[in-house]
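The values are calculated or read from the model by the stated rules, or taken from the named source; none is laboratory data. All figures in this text were calculated on a predicted structure; none of them were measured in a lab. Glycine also receives a Cβ, built like all others from the backbone with ideal geometry; neighbour counts cover every protein chain displayed.
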Amino acid sequence: MDVEEIEKYVSLGSRRTICAYRERLPDIDLYVMSIYITGKPGNYSVSVEFDPVTMVDEGEGWMWHSESMQLEKIIELLEKFNGKDISEWENVTKSGRLEYFTCESNDLVSKEQDSAFEAIRFGEKRLPEGFVWRTTPFDMPLTFDDD
């Protein structure tokens with residue numbers, strides 16, 4: 001990936017966003033973290049979404065949205081976060097990696113991982129450093145099933 005590709009997807013793409021990172025959480029692998037860059041030239045922001053692995057990109061996850069900032073600063077912070085130069089980033093919007101995923105899991109494992117995810121404050125403890133988060137899952141009412 002490069003700066004031009006990000007600018008192209010954000011300014012001309014149908015969703016006006018690009019997913020620059022998507023990985024399963026290593027210790028809570030029933031959850032996926034996706035990082036999106038969105039906005040417009042000179043006024044970009046980052047959205048981080050944590051989804052159950054079988055519901056990626058369905059809008060059901062826990063979302064965090066950053067304050068607006070320059071694209072160069074976003075790239076710098078994300079390079080530090082994922083330990084990769086921008087040239088090594090995957091355009092997940094293009095590849096669709098982990099967009100459709102099914103897995104087998106029993107209720108005990110699911111409940112354990114749900115508790116572990118709650119313990120990291122619905123992703124807050126895994127967010128990239130250096131961003132100011134203007135919208136968080138705590139801004140919206142949280143509901144849970146007791147099943």
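Things worth noting here:
Conditions (1) of a type in the set (Ser, Thr, Tyr); (2) more than 15 Å from Cys19 (Cα to Cα); (3) surrounded by fewer than 14 Cβ atoms within 10 Å (Cβ to Cβ); (4) out of contact with any strand residue (DSSP E or B) (no Cβ under 7 Å at 6 or more places or on another chain), marked per residue:
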site: Val56; (1), (2), (3), (4): no, no, no, no
site: Gly59; (1), (2), (3), (4): no, no, yes, yes
site: Trp62; (1), (2), (3), (4): no, yes, no, no
site: Glu72; (1), (2), (3), (4): no, yes, yes, yes
site: Glu90; (1), (2), (3), (4): no, no, no, yes
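- Those residues of the stretch 74-89 which are of a type outside the set (Asp, Glu), free of Cβ contacts under 8 Å to residues at least 24 places away in the same chain and not in a loop (DSSP other than H, G, I, E, B), in sequence order: none
- Scanning the stretch 74-88 for residues that are of a type outside the set (S, T, N, Q) and surrounded by 13 or more Cβ atoms within 10 Å (Cβ to Cβ) yields Ile74, Ile75, Glu76, Leu77, Leu78, Glu79, Phe81, Lys84, Ile86.
- Of all the residues in the stretch 1-29, those that are surrounded by fewer than 19 Cβ atoms within 10 Å (Cβ to Cβ) and either of a type outside the set (Val, Ile, Thr) or assigned to a strand (DSSP E or B) (or both) number 18.
- Restricting the first member to the stretch 39-58 and to residues that are at positive phi, and the second to residues that are at pLDDT below 90 and not polar (S, T, N, Q), the beta-carbon pairs closer than 8 Å and six or more apart or on different chains are Asp57/Glu99.
- Any hit, the stretch 108-116, residues being in contact (Cβ under 8 Å) with a residue 24 or more places away in the chain, assigned to a loop (DSSP other than H, G, I, E, B) and either loosely packed, with under 15 Cβ neighbours inside 10 Å or not charged (D, E, K, R) (or both): no
- Tyr9 vs. criteria within 15 Å of Asn91 (Cα to Cα), among the aromatic types (Phe, Trp, Tyr) and under 12 Å from the mean Cα position of the chain (by Cα): no
- Residue in the stretch 59-67 that is within 18 Å of the chain's Cα centre (by Cα), of a type in the set (Gly, Ala, Ser) and at pLDDT 95 or above present: yes
- Qualifying residue in the stretch 33-48 (condition: in a loop (DSSP other than H, G, I, E, B) and under 18 Å from Glu118 (Cα atoms)): no
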